[in-house]
Amino acid sequence: TLQRSIGPSYSRSHTTAQFVTRVSDLLAAGTYGSRYVFANLDRTTVSLDTRVDVTLSSTLSLQLYLEPFISVGDYESIKELRAANTYDFVEYGVDAGTIAPNGSGGFDVDPDGGGTAPSFSLADRDFSVRSLIGNAVLRWEWRAGSTVFLVWQQRRMNSVTGQDSGGRPWVGNFDLGRDAGDMFDVSPDNILMVKVNYWLNP
């Protein structure tokens, strides 16, 4: 007998106030001596849960499982909370201050555009995660009550955050064909296990 199940999943979300970090600054009187930095976050996640069960005989069966997973996030519109107990923000480079790439994979922020407030740096938080998990379990009941399990598991994982000095403009940008193809370029971790159960009948 053959049983199959496929569970695709797709989600896309947009967050207008994703917390990034807190920067101490005594000049930030409206937020009690700290700048609370936020950003918009666009996130896309795709996965495909696949299971196949094959019963070859009453004593021999095979179970297969495979789950590709892709998740990317793009941080935009870096901003700070204008005042405590509000949901009002000041976007850097638009409402006040300046923000610019610093050449090291992050950003330099001047919160008041050349005023007395100290500048600070932020890491690029964009991310791209790709993983592929699969396993196969062969079960053989070689005598009544005694079984052998042969298990093979493979895991591929690639997680990248921001951009390094070489530049990776694709980080944070979702492309199903590219990301799914790159998944198989990742070097896999393979695990092979054997388990034997022997039933003693006194």
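Odds and ends about this structure:
- Residue check for Asp88: surrounded by 12 or more Cβ atoms within 10 Å (Cβ to Cβ) and modelled with pLDDT of 95 or more: no
- Boolean, Phe107 is modelled with pLDDT under 95, within 27 Å of the chain's Cα centre (by Cα) and surrounded by 15 or more Cβ atoms within 10 Å (Cβ to Cβ): yes
- None of Ser34, Ser47, Ser9 is open to solvent by 40 Å² or more (accessible area, probe 1.4 Å) and either free of Cβ contacts under 8 Å to residues at least 40 places away in the same chain or polar (S, T, N, Q) (or both) except Ser9.
- Taking the stretch 70-111 as the range and being assigned to a loop (DSSP other than H, G, I, E, B) and free of Cβ contacts under 8 Å to residues at least 40 places away in the same chain as the test, the residues that pass are Asn85, Thr86, Asp88, Gly93, Val94, Asp95, Gly97, Asn102.
- Some residue of the stretch 144-167 being open to solvent by 70 Å² or more (accessible area, probe 1.4 Å), at pLDDT below 90 and in contact with a strand residue (DSSP E or B) (Cβ under 6 Å, 6 or more places away or on another chain): yes
- Selection within the stretch 124-139 - open to solvent by less than 70 Å² (accessible area, probe 1.4 Å), within 26 Å of Gly172 (Cα to Cα) and of a type outside the set (Phe, Trp, Tyr): Asp124, Asp126, Ser128, Val129, Arg130, Ser131, Leu132, Ile133, Gly134
- When residues of the stretch 12-31 are limited to those that are of a type in the set (D, E, K, R) and open to solvent by 30 Å² or more (accessible area, probe 1.4 Å), the one farthest from Gly114 (Cα to Cα): Arg12
The values are calculated or read from the model by the stated rules, or taken from the named source; none is laboratory data. Model, not experiment: these values are computed from the prediction. Please note: Cβ atoms are built from the backbone with ideal geometry, for glycine as well, and neighbour counts cover all protein chains shown. To get the accessible areas, we keep the full protein, side chains included, count just its heavy atoms, and leave off ligands, DNA and RNA. Shrake-Rupley method; radii C 1.70, N 1.55, O 1.52, S 1.80 Å.
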